[in-house]
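Colleague: Questions regarding the structure given below will be posed in turn.
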Amino acid sequence: MRVRLIDGATTCDDVSMPTPGPPPTAALIPGCTNSEAHHAAYRSAKTDDVIFVCIARQGRHWKVQLDAMTSSGPTIPDQAVTVLQSAAEALVLAGTVTQANIAPDYISMWAIEKEARAREIAAAFHAALHGLGQLYIAVPSERGRA
């Protein structure tokens, strides 16, 4: 079974997560509605040591999933999780998503009406996780000081 992605990106049968480097654009977020595509994308993320991200159709709506456990990068600190939670709450208040779960290593949001919007949200949160992880590595924290 082949699944079409926006702008002619690769199909789910050829799912691979982007290699380390900048997070993917919305058009390159894997569509993982079927379980085989989801498992393939997750394995690829683990192999490539990157944060897993995908969208999946659920009935007439879409779900966004991110999982930082596929990456050996740092766990996002609580202060950064607060920023992600605020963004997710804004999406809920705006009616863009009906529910969101935000944790330091996992994000899920669902009941998004349009595929393109789900891709945009997935790409934005993936970039945020990636960027916050890089910032956490670059900026010394109080926990490391004597």
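Colleague: Output the number of residues of segment 20-31 satisfying the condition of being more than 12 Å from the chain's Cα centre (by Cα) and assigned to a loop (DSSP other than H, G, I, E, B).
Modeller: The total comes to 3.
Colleague: I would also like to ask the following. Quick one: count up the residues across segment 115-128 that are under 17 Å from Ala90 (Cβ atoms) and either at pLDDT below 90 or aliphatic (A, V, I, L, M) (or both).
Modeller: 7
Colleague: Which ones in segment 97-133 are under 11 Å from Trp62 (Cβ atoms) and of a type in the set (Val, Ile, Thr)?
Modeller: Those that are under 11 Å from Trp62 (Cβ atoms) and of a type in the set (Val, Ile, Thr): Val97, Ile112, Ile121.
Colleague: Follow-up question, since we're still on this one. Checking the condition free of Cβ contacts under 8 Å to residues at least 24 places away in the same chain and out of contact with any strand residue (DSSP E or B) (no Cβ under 6 Å at 6 or more places or on another chain), which residue from Gly73, Gly95 passes?
Modeller: The match here is Gly95.
Colleague: From Ala111, Ala37, Ala88, Ala100, grab the single residue that is in contact with a His (Cβ under 6 Å, 6 or more places away or on another chain) and small (Gly, Ala, Ser).
Modeller: The conditions single out Ala111.
The values are calculated or read from the model by the stated rules, or taken from the named source; none is laboratory data. Note that the coordinates shown come from a computational prediction; the quantities given were computed from them, not determined experimentally. Heads up, the Cβs are rebuilt from the backbone with ideal geometry, glycines too, and the neighbour counts pull from every protein chain shown.
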